[in-house]
Amino acid sequence: MGQKTRYLLNERLETIKSDFRGVPYKKGKFTGEFSAREQKISVKAKNVFSFIKKFIKKEIKFEKSSLPIIKDRSFLYEKENFIIWLGHASFLIQCSQKRFLTDPCFHTMPLKKRITPAPYHIRELGDIDYLLISHGHHDHLDLKSIKYAKTQIKMALLPLKMGRLLKRANPHIKFQEASWYQKYDLKERDIEVFFLPAHHWHRRNIFDYNRVLWGSFLIKCRGKNIFFVGDSGYNTHFREIKNIFKKIDIVIMPINPPYVISGSHMTHKETIKAIKDLNPEFIIPMHYGTFNLTTQSTSELLSWFKNLKNREDIKAKLILPDIGEKKVI
């Protein structure tokens, strides 16, 4: 007989959605996160073949364009709230004098060199109160960075089943694992952090497909809600998150459209839908200009995002930091 589907939660954490049983888990893998997530093999093969065909015909080409970098470590002594983009999906966020680091990636990744270097080594960032990792893909979890951090990270906030992976890289790090719609136990007066869904997947090698959960984060700090999307395709979770938290002050959102892995990333059209669902006050784009992951150049991606201000149906203001630039929030 086959194994039954289980629904996994961290029983020690609070679940904020009353009808949520947990993430489906079967045969050692997280499954069925959204009904539209899984594509038939024939559809995936067709997408890949179409991409390769266009690439050979030179209808598609990857354009390299690096970004300017600002190096100013005065943030180490700041007490005000700020966000600093460190490249790709890595952000240093300070709120209520606590520091958060998202999806650390400070080096190259397998088969992909950086076209824009990180502004700092992780050791130059000083103490990090909370490390937030949305999922285990190499461009969002650089284990070399985790290893170099040694004791500077006080606590890692992780998806289910990621703790063992992190501990192998750095045994000094304490961690909590959460399922979707769960609140981490931080024992902070002014800060709450929630782990939320994403329409994505996990893989670091050929043997670990979906053995670790993936997701997104919402940081609530003195009434300000900062939503870090991570990697995600479009689905109903954006509307659900808005309904739960009522307002999103800042959304940090990937903007690169996929050409092969449809469903687990958003096209430009789907990004528009996600922004409308979330209706944030501010948008900070990410996931561009560090690695060549899209056929569109950095300037093309930024032009598309800047043009959002001309749409009457989107009220959010755009924040476009340079890498290493501090933005007060």
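The values are calculated or read from the model by the stated rules, or taken from the named source; none is laboratory data. Values in this document were obtained by computation on a predicted structure and should not be read as measured data. Every residue, glycine among them, receives a Cβ derived from its backbone with ideal geometry; neighbour counts consider all protein chains shown. We work out accessible area using only protein heavy atoms, side chains counted, and drop any ligands, DNA or RNA first. Shrake-Rupley method; radii C 1.70, N 1.55, O 1.52, S 1.80 Å.
Restricting attention to the chain, close to 60% of DSSP beta bridges with both partner residues there are antiparallel.
Each principal axis of segment 165-293 carries a Cα extent, and these read 42, 41, 26 Å when sorted largest first.
In this structure, the residue pairs whose Cα-Cα separation is over 22 Å, taken from 71/247; 113/150; 161/269; 98/224; 161/224; 17/220, are 71/247; 113/150; 161/269; 161/224. The three principal axes of the Cα atoms in segment 152-199 give end-to-end lengths of 30, 27, 12 Å, sorted in falling order. Estimated from helices alone, the mean residue ellipticity of the chain at 222 nm is -5000 deg cm²/dmol (sum of -39500 (n - 2.57) over DSSP H runs with n ≥ 4, per residue). Taking 11 Å as the cut-off, the amide N atoms of segment 193-233 that come nearer than this to a point 7 Å along the Cα-to-beta-carbon line of residue 3 belong to 211. Write down the accessible area per residue of the chain in Å², having rolled a 1.4 Å probe over the full set of protein chains. With all protein chains present, the chain gives 49 Å² per residue.
When the Cα atoms of the chain are aligned to their principal axes, the ranges along those axes come out at 57, 55, 42 Å in descending order. The magnitude of the dipole of segment 175-220, with charges of +1 and -1 set on the Cβ of Lys/Arg and Asp/Glu and taken from the Cα centre, is near 140 debye. With the highest mean first, a sort of the peptides 303-310, 275-282 on other beta-carbon atoms found within 10 angstrom per residue produces 275-282, 303-310. What is the percent carbon and sulfur in the accessible area of the chain, measuring with a 1.4 Å probe over the protein chains and ignoring ligands? C and S fraction of accessible area: 51 percent. Fully extending the segment from residue 314 to residue 189, taken as 0.36 nm per residue of separation minus the present Cα-Cα distance, adds 41.6 nm. Taking 0.36 nm per residue of separation and subtracting the Cα-Cα distance, full extension of the segment from residue 272 to residue 164 would add 35.2 nm. The packing ranking, built from the mean of other Cβ atoms within 10 Å per residue, places the peptides 199-209, 234-244 in the order 234-244, 199-209, highest first.
Legend note: in the chain, cysteines whose Cβ sits 4.7 Å or more from every other cysteine Cβ are 105.
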